[in-house]
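Please read the structure below before turning to the comments.
The values are calculated or read from the model by the stated rules, or taken from the named source; none is laboratory data. It should be emphasised that the depicted structure is a prediction, and the values quoted were computed from it without experimental measurement. Counting neighbours? That spans all protein chains shown, and the Cβs are built from the backbone with ideal geometry, glycine included. Note: areas computed on protein heavy atoms with side chains; ligands, DNA, RNA excluded. Shrake-Rupley method; radii C 1.70, N 1.55, O 1.52, S 1.80 Å.
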Amino acid sequence: MTYARLVGEEIANRAEGPLLFLSRSLDVGLNEAVEVEGTDGSVRLGRIAALDEDSITVEMLDDTAGLALQGTRVRFFGEPLRFHVGPGLLGRVFNGIGKPLDGGPPLAAEHAYRVDGLPIKPTAREAPSEFLETGFTSIDLMNSLVRGQKLPLFSGGGLPHDRIAVDIACNARLPGDAEEAEGFAIVFAGIGIPHDSAEFFREEMEKSGALARTVLFLNLASDSSAQRLLAPRFALTAAEYLAFVEGMHVLVILTDLTNYCEALREVSASRGEVPSRKGYPGYMYSDLATLYERAGRIRGKPGSVTQIPILTMPNDDITHPIPDLTGYITEGQIVLDRDLHRRDIYPPIRLLPSLSRLMKDGIGKGRTHADHPALAAQLYATYSQAQQTRVLAGVVGEDGLSEDDRKLLLFGDDFEQKVIHQGVDARTLEESMAAGWSALRGLPAGELHRLDDRQIREHLLDQAPRREPVS
């Protein structure tokens, strides 16, 4: 990685783990890029983590194995880290700091962008209003994703969020003609993941053919904590280039943001910063915002950046600081459920606490289907009633329920088994809506308060199976 100018050079005088300590004689700033050259001639990447009037602390981003203190030189370049990008970005696999892992040649770079990004002027933002299909009914029909939105997925240890992430990457698409579909790309970043997960991501995308439209970043659990903090920033820099320079609609999948926050806590503690809630730094909210707020659309530019950050909630606690702060910044959440997972329902998405705040802006007539909003509202309301009826049945027993309550119980089971559960097969929005209408057909028309007479007649009564006359 090269930079435009050389500010100066220093010699390291002390090392502690991934940190190098130098005497300060240059005018440098925090987070500036450095190159560390060892006695063997190898060059490693780093950045300034802390400094005062007399000393500079350099945080190593590459492996420090074999780096001797004596004779090690540190070069300063007077600017933050940059990612060199170009038209050949799609189909490539990088590590957490943008170095190729696929054995291919170095990227033919045309631009060099700061990995920390530049804030989008609020008045330059365009409101998200176009539907993006993921292939999952629980999202497309019930919690629709809109281009430019940031919609996190809250998971837990042992739940299949890795499988869901890969399925979304393989099946997500733009509704419309083939020409529009060609302007769609995926940026997938694995943050602090084990080796087997990294191989799983790469193999599944190669097998499905999705890798050709994907930029894959793999930051391993064995990599340094400092590199873990940069992996999502390199990924988002690639996404911004594809969206706002190449004019593509880009879906960014980041997994696992909990690993990112743990690295943030570790680095903060190593710097001696005062901890806040559960040991995380007090600036974690603003730090996460620097990632999430890089999603969006810009007026006058055709592309968009949409984010699905995935995080695992420690102890399944949705009030933990990581999901709690994420919920404040993002526009909704998709929540996975352990009980549904035990019953082999895939994807195990718990609908009642899930929410997409921008759904209403991206669905309906002229966008998805005129009956989409009413169908989603009716399914949500009826499923909520079914859940309440389950609680009641647990108290009084099914024999104590009315006939309508028993129908609600049957609807709840049918909805989970035939609408939420879809196995490994992706569904189009039309197929998802058909599954939703089918689930409602066993209910009396008087219970369908969110549908009008035309919708009931066209989608339920006319499609209901005819009974043979009794002779």
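In table form, for the structure just shown:
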quantity: Residue ranges of helices (runs of 4 or more DSSP H) in region 366-471 with at least 1 members of a type in the set (Ser, Thr, Tyr) and farther than 18 Å from Arg350 by Cβ; calculated: 429-440
quantity: Test: residue in region 192-210 that is touching a residue at least 40 places away in the same chain (Cβ under 8 Å), more than 25 Å from Leu132 (Cα to Cα) and either in contact with an Asp or Glu (Cβ under 8 Å, 6 or more places away or on another chain) or not polar (S, T, N, Q) (or both); calculated: yes
quantity: Residues (in a loop (DSSP other than H, G, I, E, B) and in contact (Cβ under 8 Å) with a residue 24 or more places away in the chain) located in region 345-365; calculated: Ile345, Tyr346, Pro347, Pro348, Arg357, Leu358, Ile363
quantity: Filter pass, Asp371 being closer than 24 Å to Arg357 by Cβ, surrounded by 14 or more Cβ atoms within 10 Å (Cβ to Cβ) and not aromatic (Phe, Trp, Tyr); calculated: yes
quantity: Single residue of region 240-253 satisfying the filter (closer than 14 Å to Gln149 by Cβ and open to solvent by less than 10 Å² (accessible area, probe 1.4 Å)) that is nearest to the chain's Cα centre (by Cα); calculated: Ile253
quantity: Filter result for Ile186 (assigned to a strand (DSSP E or B) and among the β-branched types (Val, Ile, Thr)); calculated: yes
quantity: Number of positions in region 113-151 that are open to solvent by 10 Å² or more (accessible area, probe 1.4 Å) and of a type in the set (A, V, I, L, M); calculated: 5
quantity: Selected residue [small (Gly, Ala, Ser) and touching a strand residue (DSSP E or B) at 6+ places or on another chain (Cβ under 6 Å)] from Ser276, Ser286, Ser268; calculated: Ser268
quantity: Any hit, region 38-53, residues being acidic (Asp, Glu), closer than 24 Å to Ser270 by Cβ, open to solvent by 30 Å² or more (accessible area, probe 1.4 Å) and at pLDDT 80 or above; calculated: yes
